Amino acid sequence: MVTRTIDLRSDTVTKPTEAMRTAMATAEVDDDVLGSDPTAQVFLTEMAKLMGKDAALFVPSGTMGNLISVLVHCEVRGSEVILGDNSHIHIYENGGISTIGGVHPKTVKNNPDGTMDIDQIVAAIRHPEGELYYPTTRLICLENTHANCGGRCISAEYTDKVGEVAKQHGLKLHIDGARIFNAAVALGVPVHRLVQAADSVSVCLSKGLGAPIGSVIVGSKIFITKAKRLRKTLGGGMRQIGVLCAAACVALRDNVSKLEDDHRKAKFFAEGLNQIKHLSVDSSSVETNMVFFTVMESSHLSPERLCQALENYGILALTAGSRSVRLVLHYQISDSDVQYALTCIKQAVEQILTNGATK
Ligand SMILES: *Cc1c(COP(=O)(O)O)cnc(C)c1O
């Protein structure tokens, strides 16, 4: 029987703290669709200021935040957005920008560090004035940290360069900043500086920040006015969101400062994994709270098999691609949890190989 569960599937599994639950229980609330929820106003003002933008909007999920942002920037059907081939928007959001927004994706290869080559971005831009065949590029999307690239950080300098390209070509820049606070902490750069070149940013509250529900999008006043209308269209206008924003306020106050420790634990985890036979991690690629480790090609061991075996130990993890397993750290995973998980992983690998050999 499993007595201890360590959930490393995602930082979305963080549970609200006592302080959050108390804040939720006592939050002053009103109707946010009518624009009069006081707790939402306090939170959104704070968020806009932190991000260095004019205004902010609460949305139910990061997926809706990205969808609304892309649709606001690409109002005309048949617009094209340039985005990474390994980006969350392209891979994990049901193609919503196309199916709902009529926006065409033009993918550019993501480098292992989550960036796209600037010259490839430039080459992907299409300006079909007076031309019969091509959609018109209106937007570039970046992702920071880049989830599928292992939580790598995109620097302010690189973001500025992409912003320059966007400006030169009359395009907008959106950042999927689901984990932008992780990037800011890891790079030691204020979050507003990191997104300075962006016209809009989407931020998840329910990942490493630890709030139970919600995301925020930020941008200019006009952007947010249009976004609010789209949010209503998509059914994302919620009424007394002060209950959720109260938890988010506590997340900002208490949890941003804990992200650095998540990153330290991730590095420690990576080093531990490198001590286990048949597993390997490029430690230098562990920049934030994610660890993607490779399960070396051998007859019996596979990421699926390892994850299955780990479940029996109460260790939950997800596979990532055909040879890797993804682990995500967060502030509710302790140093002792990391130690214990490493011990279980080592045992699970040995067990699989022993059983495999005797079969
Ligand atoms: C989680 C995530 C999202 C989407 O957030 P949901 O709230 O799950 O819809 C978007 N982008 C990135 C990079 C994410 O990690």
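Mind checking whether some residue in region 192-201 is more than 22 Å from the chain's Cα centre (by Cα) and of a type outside the set (Phe, Trp, Tyr)?
No, because not a single residue in region 192-201 is more than 22 Å from the chain's Cα centre (by Cα) and of a type outside the set (Phe, Trp, Tyr).
Can you run down the residue pairs with Cβ atoms below 7 Å, 6 or more apart or on separate chains, where the first is in region 53-64 and assigned by TED's automatic domain parsing to the domain that holds ARG231 and the partner is within 12 Å of the ligand (Cβ to nearest atom) and among the acidic types (Asp, Glu)?
Taking only residues 6 or more apart or on different chains, the pairs are THR63/GLU93.
Within region 50-70, which residues are within 14 Å of the ligand (Cβ to nearest atom), surrounded by fewer than 24 Cβ atoms within 10 Å (Cβ to Cβ) and in a helix (DSSP H, G or I)?
THR63, MET64
Just one of (1) under 20 Å from LEU57 (Cα atoms); (2) of a type in the set (Lys, Arg); (3) in contact with a Pro (Cβ under 8 Å, 6 or more places away or on another chain) trips up ARG231, so point out which.
Condition (3) is where ARG231 drops out.
Yes or no: GLU18 of a type in the set (Asp, Glu), more than 16 Å from the ligand (Cβ to nearest atom) and without any contact (Cβ under 8 Å) to a residue 24 or more places away in the chain?
yes
Starting from residues that are farther than 19 Å from PRO303 by Cα and charged (D, E, K, R), keep the ones in region 317-358 and report whichever is surrounded by the fewest Cβ atoms within 10 Å (Cβ to Cβ).
Selected residue: ASP335.
Could you please tell me which pairs satisfy a Cβ distance under 6 Å, a separation of 6+ or placement on different chains, a first residue in region 195-208 that is farther than 21 Å from VAL162 by Cβ and open to solvent by 10 Å² or more (accessible area, probe 1.4 Å), and a second residue that is of a type in the set (Val, Ile, Thr) and part of a loop (DSSP other than H, G, I, E, B)?
Final answer for the pair search is SER206/ILE213.
Considering PRO105, PRO128, which residue is open to solvent by less than 50 Å² (accessible area, probe 1.4 Å), within 20 Å of GLY62 (Cα to Cα) and more than 12 Å from the ligand (Cβ to nearest atom)?
Among PRO105, PRO128, only PRO105 is open to solvent by less than 50 Å² (accessible area, probe 1.4 Å), within 20 Å of GLY62 (Cα to Cα) and more than 12 Å from the ligand (Cβ to nearest atom).
If a residue has to be under 16 Å from ASN110 (Cα atoms) and either among the β-branched types (Val, Ile, Thr) or surrounded by fewer than 15 Cβ atoms within 10 Å (Cβ to Cβ) (or both) to count, how many in region 149-160 make the cut?
Summing the residues that are under 16 Å from ASN110 (Cα atoms) and either among the β-branched types (Val, Ile, Thr) or surrounded by fewer than 15 Cβ atoms within 10 Å (Cβ to Cβ) (or both) in region 149-160 gives 2.
I want to confirm something. Restricting to region 267-316 and keeping residues that are over 27 Å from ASN111 (Cα atoms) and of a type in the set (Val, Ile, Thr), which single residue is surrounded by the fewest Cβ atoms within 10 Å (Cβ to Cβ)?
Among them, the one singled out is ILE276.
From (1) outside any loop (DSSP other than H, G, I, E, B); (2) away from the ligand (no atom under 16 Å from the Cβ), pick out the condition that doesn't hold for VAL33.
Condition (1) is where VAL33 drops out.
The values are calculated or read from the model by the stated rules, or taken from the named source; none is laboratory data. Keep in mind that what you see is a predicted model, and the values were worked out from it rather than measured. All Cβ positions, glycine included, derive from the backbone under ideal geometry; neighbour counts span all protein chains shown. For accessibility, only protein heavy atoms count, side chains too; no ligands or nucleic acids. Shrake-Rupley method; radii C 1.70, N 1.55, O 1.52, S 1.80 Å.
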